[in-house]
């Protein structure tokens with residue numbers, strides 16, 4: 001009987017992702033920003049993009065269903081942190097963008113994220129950390145290309 005290897009890329013990435021998520025959630029809660037951890041995560045994901053994005057694109061980037069983000073967006077919009085504008089191409093869709101208050105909230109979250117990254121990089125030189133991030137970017141690009149190839153087939 002074969003044993004499952006616990007240190008494969010899938011397990012390692014999943015473990016690191018879970019630990020980062022839970023630690024950032026704790027830091028957002030402890031900072032008293034008036035956001036739930038889920039709202040904080042959603043705001044950070046919206047902030048990743050330079051332009052307004054569709055709800056379905058946001059859901060895909062977060063790895064959740066589009067309906068899952070609706071409640072979070074409703075609450076972020078009620079707090080004045082995001083706004084939803086009509087999509088000029090598809091009148092059924094909405095484009096999500098940060099408001100000035102949302103950008104200000106991200107500035108309050110930024111030091112929490114920076115501290116988390118510093119903790120994650122402990123024991124690595126700046127060069128090792130950059131190489132690690134570059135390697136992850138390559139893996140992400142490889143997997144995205146494989147997905148696109150499969151979708152085109």
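A few comments on the model shown:
- Sole residue being exposed (fewer than 15 other Cβ atoms within 10 Å of the Cβ), in the same structural domain as residue 14 (by TED's automatic domain parsing) and in a helix (DSSP H, G or I), chosen from 60, 77: 60
- When restricted to residues that are assigned to a helix (DSSP H, G or I) and either in contact with a strand residue (DSSP E or B) (Cβ under 6 Å, 6 or more places away or on another chain) or closer than 28 Å to residue 37 by Cα (or both), region 113-130 contains 10.
- All conditions but one from (1) assigned by TED's automatic domain parsing to the domain that holds residue 53; (2) at pLDDT below 95 apply to residue 147; the one that does not is (1).
- Residue within region 83-92 that is under 18 Å from residue 48 (Cβ atoms), surrounded by 15 or more Cβ atoms within 10 Å (Cβ to Cβ) and in the same structural domain as residue 39 (by TED's automatic domain parsing) present: yes
- Residue check for residue 96: touching a strand residue (DSSP E or B) at 6+ places or on another chain (Cβ under 6 Å), surrounded by 11 or more Cβ atoms within 10 Å (Cβ to Cβ), in contact (Cβ under 8 Å) with a residue 12 or more places away in the chain and not in a loop (DSSP other than H, G, I, E, B): yes
The values are calculated or read from the model by the stated rules, or taken from the named source; none is laboratory data. In this text the structure is predicted, and so the values were computed from the model without any measurement. A quick note on method: Cβ atoms are made from the backbone with ideal geometry, for glycine too, and the neighbour counts reach across all protein chains shown.
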